[in-house]
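Have a look at the structure below, then the notes.
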Amino acid sequence: MRKAFVILMGVVAIGVVARAQGDAWLAPYRPVAEKLIAESQRTDFAWQRLAELTDTYGPRLSGSEGLERAIDWAVAQMKKDGLENVRKEPVMIPKWVRGRESLELIDPIRQPLPMLGLGNSVGTPASGIEADVLVVSSFDDMKARAANVKGRIVLFNVPFTNYGATVTYRSTGPSEAAKLGAVAVLIRSVGPVGLRTPHTGSTNYADGVTRIPGAAIPVEDAERFARLAARGVKVRVKLNMEAHFEADVQSYNVVGELRGREFPDQIVLLGGHFDSWDPGTGATDDGGGCVVTWEAVRLMKTLNLRPRRTVRVVLFVNEENGLRGGNGYRDAHAAELARHVLLLESDGGVFDPSGFGFTGPDAARATVTTIASLLAPLGANRIGASGGGADIGPSATAGKIPTMSHEVTGDYFLIHHTPADTIDRITPKQMANNAAAIAVMAYVVAEQGLGK
Ligand SMILES: [Zn+2]
């Protein structure tokens, strides 16, 4: 079907855009899709809900009071929406505490600098770590200058290309530098140049390697350090971080459902992660993804649409620094994973919708591609070559379940894990259109199945 479409569209086809003319089975869904889209666009309900969440509870770092209060709020709101089987499913999560932190330039001049400690990092001694900075442009560059690493603070000044390629310096930089005797690591923030904004995010220590503190600095400061070093100027800084782990704490995945009218045991799962990093308020990452997937179910409920299969929304906990929510769901639902029809995660932002990524059998791909044609009015009819998400990954692997990622346009990585991740970056129209796109996709899949 995909091949036929490409031939039909000739050179106009870019990627795999859904066909304008759906199969005959799709026709009855057209008016339903129009109703879901119209209902979503009629109000700013989803945006207001995200604003309430982020304004009231702020960031939702694992182990924080804000997260637990937000979880209780979500449960109460889902019940108010009339969702069924609303519950908290217990998961033990890590509690990493940032504490106070600072970075001061000592040479060539004293100046406090913007910074954010990396999530899961160890702290410095109470007196801080003061050392000269060695600026490197890659792991290879560091290894070529291995003799100069000992006793230094290594700065990985690696320009952002794409997330996957650049984030490795955040996740493994501290351990790689520690192997050569570095005392701490700074990384150039993993994102495009912003407004002198540091980006946090997890680091992962290798076993058997000394754990040294890691922090991110803005792109502008990394570039400044590189220019100074290139001129032969000594760059010396003092890093203070109180970061540490405390004992694991009890937390929860939040689950709500619209039970299927014919095959209630078969499940279409939608969700995002409810925890966030602490500098902003976790609006784009990932309060927005949680609210638009939840809103998709609320829209069905509001319109008295009850598909044949169950639609379940899951707000996963602890994606950012542990993935305990995603792993916990897999374990708690092991017996019913085989009855999951589709897992859909929204964790790529809630800007203008463009469609969905999909990973699964060809027949299922053909079905979702046909369904996506209903989303042409929203510009959300593209089905990408692959799709998944961190939280749904463990269940998808264990249950061999097709996965879908909600996809959007927009500069997600500009604000990712920064103090600028607030509701102000998102419009009510974007929230409404994303919720509508997910609602239509989820409803038709829950009604039609994926041809298994
Ligand atoms: Zn996220």
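Checking the structure you have, find out if any residue of the range 232-248 is open to solvent by 10 Å² or more (accessible area, probe 1.4 Å), within 30 Å of Lys80 (Cβ to Cβ) and modelled with pLDDT of 95 or more.
Taking every residue of the range 232-248 in turn, none turns out to be open to solvent by 10 Å² or more (accessible area, probe 1.4 Å), within 30 Å of Lys80 (Cβ to Cβ) and modelled with pLDDT of 95 or more.
Go through the residues of the range 141-155 one by one and say whether even a single one is closer than 25 Å to Ile415 by Cα, at pLDDT 95 or above and in contact with a strand residue (DSSP E or B) (Cβ under 9 Å, 6 or more places away or on another chain).
Of the residues in the range 141-155, the ones closer than 25 Å to Ile415 by Cα are 154-155.
Next cut, at pLDDT 95 or above only: 154-155.
After this cut, where a residue has to be in contact with a strand residue (DSSP E or B) (Cβ under 9 Å, 6 or more places away or on another chain) as well, the list is 154-155.
There is at least one residue in the range 141-155 that is closer than 25 Å to Ile415 by Cα, at pLDDT 95 or above and in contact with a strand residue (DSSP E or B) (Cβ under 9 Å, 6 or more places away or on another chain).
Where in the range 56-161 are there strands (runs of 3 or more DSSP E), lying fully within it, with 1 or more residues that are within 30 Å of Asn304 (Cα to Cα)? So that I can check it myself, show each step before the final result.
Numbers: elements: 84-97, 101-107, 111-113, 129-136, 153-156.
So the answer is 84-97.
Write out, first by first residue and then by second, each pair whose Cβ atoms fall under 6 Å of each other, whose residues are 6+ apart or on separate chains, and whose first residue, in the range 270-281, is at pLDDT 95 or above while the second is within 13 Å of the ligand (Cβ to nearest atom) and among the basic types (Lys, Arg).
Asp275/Arg60; Ser276/Arg60
Every residue in the range 424-437 that is surrounded by 24 or more Cβ atoms within 10 Å (Cβ to Cβ) and within 20 Å of Leu53 (Cβ to Cβ), please.
Going through the range 424-437, the residues surrounded by 24 or more Cβ atoms within 10 Å (Cβ to Cβ) turn out to be 426, 431-437.
Of everything in the range 424-437, those that are surrounded by 24 or more Cβ atoms within 10 Å (Cβ to Cβ) and within 20 Å of Leu53 (Cβ to Cβ) turn out to be Ile426, Met431, Ala432, Asn433, Asn434, Ala435, Ala436.
Residues of the range 270-280 being small (Gly, Ala, Ser), closer than 20 Å to Gly387 by Cβ and more than 10 Å from the ligand (Cβ to nearest atom), which ones? Don't jump to the end; show me each part of the working.
From the range 270-280, those small (Gly, Ala, Ser) are 271-272, 276, 280; that's our starting set.
From what is left, the residues that are closer than 20 Å to Gly387 by Cβ are 271-272.
Across the range 270-280, the qualifying residue is only Gly271.
Any idea which residue in the range 190-210 is most open to solvent (accessible area, probe 1.4 Å), counting only those that are free of Cβ contacts under 8 Å to residues at least 60 places away in the same chain and of a type outside the set (A, V, I, L, M, F, W, C)? Talk me through it step by step, then tell me what you get.
Residues of the range 190-210 free of Cβ contacts under 8 Å to residues at least 60 places away in the same chain: 193, 206-210.
Then keep just the ones that are of a type outside the set (A, V, I, L, M, F, W, C); that gives 207-208, 210.
Working: Asp207: 140, Gly208: 92, Thr210: 97 Å².
It comes out as Asp207.
Considering each residue of the range 386-402, count those that are among the polar types (S, T, N, Q) and either in contact with a His (Cβ under 9 Å, 6 or more places away or on another chain) or open to solvent by less than 10 Å² (accessible area, probe 1.4 Å) (or both), and give that number.
1
Restricting the first residue to the range 366-395 and requiring it to be under 28 Å from Ser276 (Cβ atoms), which pairs with a second residue that is away from the ligand (no atom under 15 Å from the Cβ) and among the basic types (Lys, Arg) meet a Cβ separation below 8 Å and a spacing of at least six or different chains?
Note: pairs meeting the criteria are Pro394/Arg330; Ser395/Arg330.
Under 7 Å between Cβ atoms, at least 6 apart or on separate chains: pull out the pairs that start in the range 88-115 with a residue that is of a type in the set (S, T, N, Q) and end on any residue that is open to solvent by less than 50 Å² (accessible area, probe 1.4 Å) and not in a loop (DSSP other than H, G, I, E, B).
Note: pairs meeting the criteria are Ser102/Asn240; Gln111/Leu105.
Which of the residues spanning the range 338-347 are of a type outside the set (A, V, I, L, M), within 15 Å of the ligand (Cβ to nearest atom) and open to solvent by less than 30 Å² (accessible area, probe 1.4 Å)? Break it down into steps so the answer makes sense when it comes.
Going through the range 338-347, the residues of a type outside the set (A, V, I, L, M) turn out to be 339-340, 345-347.
Remaining after also requiring within 15 Å of the ligand (Cβ to nearest atom): 345-347.
Those that are of a type outside the set (A, V, I, L, M), within 15 Å of the ligand (Cβ to nearest atom) and open to solvent by less than 30 Å² (accessible area, probe 1.4 Å): Glu345, Ser346.
What are the residues in the range 281-312 that are within 16 Å of the ligand (Cβ to nearest atom) and either under 18 Å from Arg259 (Cβ atoms) or open to solvent by 10 Å² or more (accessible area, probe 1.4 Å) (or both), if any?
Keep residues of the range 281-312 that are within 16 Å of the ligand (Cβ to nearest atom), which gives 281-294.
Residues satisfying the conditions are Thr281, Thr293, Trp294.
Quick one: which of Val313, Val317, Val297, Val341 is within 15 Å of the chain's Cα centre (by Cα) and at pLDDT 95 or above? Don't jump to the end; show me each part of the working.
Working: Val313 fails: within 15 Å of the chain's Cα centre (by Cα); Val297 fails: within 15 Å of the chain's Cα centre (by Cα); Val341 fails: within 15 Å of the chain's Cα centre (by Cα).
Result of the check over Val313, Val317, Val297, Val341: Val317.
Open to solvent by 10 Å² or more (accessible area, probe 1.4 Å) and either among the aliphatic types (A, V, I, L, M) or on the phi < 0 side of the Ramachandran plot (or both), is that true of Ala363?
yes
Answer yes if at least one residue in the range 210-225 is of a type in the set (Phe, Trp, Tyr), away from the ligand (no atom under 16 Å from the Cβ) and within 24 Å of the chain's Cα centre (by Cα), and no otherwise. Reasoning before the result, please.
Of the residues in the range 210-225, the ones of a type in the set (Phe, Trp, Tyr) are 225.
Going one step further and asking which of them are away from the ligand (no atom under 16 Å from the Cβ), we end up with 225.
Imposing the further condition that a residue be within 24 Å of the chain's Cα centre (by Cα) reduces the set to none.
No: zero hits.
Sort out which residues of the range 171-181 are touching a helix residue (DSSP H, G or I) at 6+ places or on another chain (Cβ under 9 Å) and open to solvent by 10 Å² or more (accessible area, probe 1.4 Å), and write them in order of number. Spell out the reasoning first.
Taking the range 171-181 as the starting set, the residues that turn out to be touching a helix residue (DSSP H, G or I) at 6+ places or on another chain (Cβ under 9 Å) are 172-173, 176-177, 180-181.
Thr172, Glu176, Leu180, Gly181 - these are the residues of the range 171-181 that are touching a helix residue (DSSP H, G or I) at 6+ places or on another chain (Cβ under 9 Å) and open to solvent by 10 Å² or more (accessible area, probe 1.4 Å).
Using the structure shown, decide if Ala335 is part of a helix (DSSP H, G or I), open to solvent by 10 Å² or more (accessible area, probe 1.4 Å) and more than 16 Å from the ligand (Cβ to nearest atom). Talk me through it step by step, then tell me what you get.
On the way: part of a helix (DSSP H, G or I): yes; open to solvent by 10 Å² or more (accessible area, probe 1.4 Å): yes; more than 16 Å from the ligand (Cβ to nearest atom): yes.
When the stated conditions are applied, Ala335 passes them.
Quick one: which residue in Arg261, Arg306, Arg298 is out of contact with any strand residue (DSSP E or B) (no Cβ under 6 Å at 6 or more places or on another chain), among the charged types (D, E, K, R) and under 15 Å from Ala46 (Cβ atoms)?
Numbers: Arg261 fails: under 15 Å from Ala46 (Cβ atoms); Arg306 fails: under 15 Å from Ala46 (Cβ atoms).
Just a single option satisfies the conditions, and that option is Arg298.
The values are calculated or read from the model by the stated rules, or taken from the named source; none is laboratory data. The structure displayed is predicted, hence computed values, not measured ones. Every residue, glycine as well, gets a Cβ built from its backbone with ideal geometry; the counts of neighbours run over all protein chains shown. These area figures cover heavy atoms from the full protein model, side chains too; ligands, DNA and RNA do not enter into them. Shrake-Rupley method; radii C 1.70, N 1.55, O 1.52, S 1.80 Å.
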